[in-house]
Amino acid sequence: LGFDNDEADSGTNFWQELKSVSLSSAADSMDSGTFTAKKYLWVQIEYTATGGNVVNSVTFNSDSGSNYARRGSDNGGTDATDTSASKISSGLNSDINSGESAFFNMFIINKSDKEKLVIAELISTEAGTGAGNAPDRAEFVGKWTNTSSQITSIQVPDLSSGQYNTGSSIKVWGSD
């Protein structure tokens, strides 16, 4: 999925960066802005909470209708599901508190005539900083049921009282 100089097409990476957005001030949401539609997407979201707790979720193309479903678990626990939801919740049963950080990777199959399938892993310092505290983790799968267009923007709204701190970011890569 990267560079292989033994191939005839050497120098062509599988992943092309489509968007990279970093907050210049604290905000209640992050938005990738519009990017070129690709069949496969890789998304990385990194943030620190400020001014209160952050509970993040993900929507695509600003769609907040009941068009999402999710299954996931926190720290290897029992599966939880959300169906006919207005977003895909990233997991972690409790909020990310002010000063704590989180990072997640999402991989998405983004075919225009199919439901968009998502698989993601998230890690956070929610349990506390330092070597005496193991990080928290969440794994989830989800889908966006739109079968008429591809994802061309990603929104990450905060559902709680805090904000995403300055420097929080969303990066999107794609490939066909």
Across the stretch 62-77, what is the total count of residues that are over 22 Å from residue 126 (Cα atoms) and buried (at least 17 other Cβ atoms within 10 Å of the Cβ)?
4
Does residue 100 satisfy being modelled with pLDDT under 85 and of a type outside the set (S, T, N, Q)?
no
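Quick grid of which residues meet (1) polar (S, T, N, Q); (2) closer than 21 Å to residue 54 by Cβ; (3) open to solvent by 40 Å² or more (accessible area, probe 1.4 Å); (4) touching a His at 6+ places or on another chain (Cβ under 7 Å):
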| position | (1), (2), (3), (4) |
| --- | --- |
| 110 | yes, no, no, no |
| 143 | no, no, yes, no |
| 164 | no, yes, no, no |
| 167 | no, yes, yes, no |
Just wondering, is there one or more residues in the stretch 114-134 that are closer than 15 Å to residue 60 by Cα, at pLDDT 90 or above and out of contact with any strand residue (DSSP E or B) (no Cβ under 7 Å at 6 or more places or on another chain)?
yes
Which of the residues spanning the stretch 27-45 are at pLDDT below 95 and open to solvent by 30 Å² or more (accessible area, probe 1.4 Å)?
28, 29
Matching residues in the stretch 112-129 - criterion: being hydrophobic (A, V, I, L, M, F, W, C) and surrounded by fewer than 21 Cβ atoms within 10 Å (Cβ to Cβ)
117, 119, 123, 127
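Could you please find all residues in the stretch 152-167 being touching a Ser or Thr at 6+ places or on another chain (Cβ under 8 Å), modelled with pLDDT under 95 and not in a strand (DSSP E or B)?
Listed by number, the residues that qualify are 159, 162, 165.
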State all residues of the stretch 1-19 that are open to solvent by less than 60 Å² (accessible area, probe 1.4 Å) and at pLDDT 90 or above; if no residue qualifies, say none.
15, 18
Among the residues of the stretch 103-147, which ones are of a type in the set (Ser, Thr, Tyr) and under 14 Å from residue 45 (Cβ atoms)?
124
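Determine whether the stretch 139-151 contains at least one residue that is closer than 14 Å to residue 96 by Cβ and either touching a helix residue (DSSP H, G or I) at 6+ places or on another chain (Cβ under 7 Å) or not in a loop (DSSP other than H, G, I, E, B) (or both). Reasoning before the result, please.
At the first step, the residues of the stretch 139-151 found to be closer than 14 Å to residue 96 by Cβ are none.
Taking every residue of the stretch 139-151 in turn, none turns out to be closer than 14 Å to residue 96 by Cβ and either touching a helix residue (DSSP H, G or I) at 6+ places or on another chain (Cβ under 7 Å) or not in a loop (DSSP other than H, G, I, E, B) (or both).
Out of the stretch 130-141, which residues are open to solvent by 40 Å² or more (accessible area, probe 1.4 Å) and not aliphatic (A, V, I, L, M)?
Here is the first cut: in the stretch 130-141, the residues open to solvent by 40 Å² or more (accessible area, probe 1.4 Å) are 130-135, 137, 139, 141.
Selection gives 130, 132, 133, 135, 137, 139.
The values are calculated or read from the model by the stated rules, or taken from the named source; none is laboratory data. In this text, all values refer to a predicted model and were calculated from it rather than measured experimentally. FYI the Cβ positions are ideal-geometry reconstructions off the backbone, even for glycines, and counts take in every protein chain you see. We work out accessible area using only protein heavy atoms, side chains counted, and drop any ligands, DNA or RNA first. Shrake-Rupley method; radii C 1.70, N 1.55, O 1.52, S 1.80 Å.
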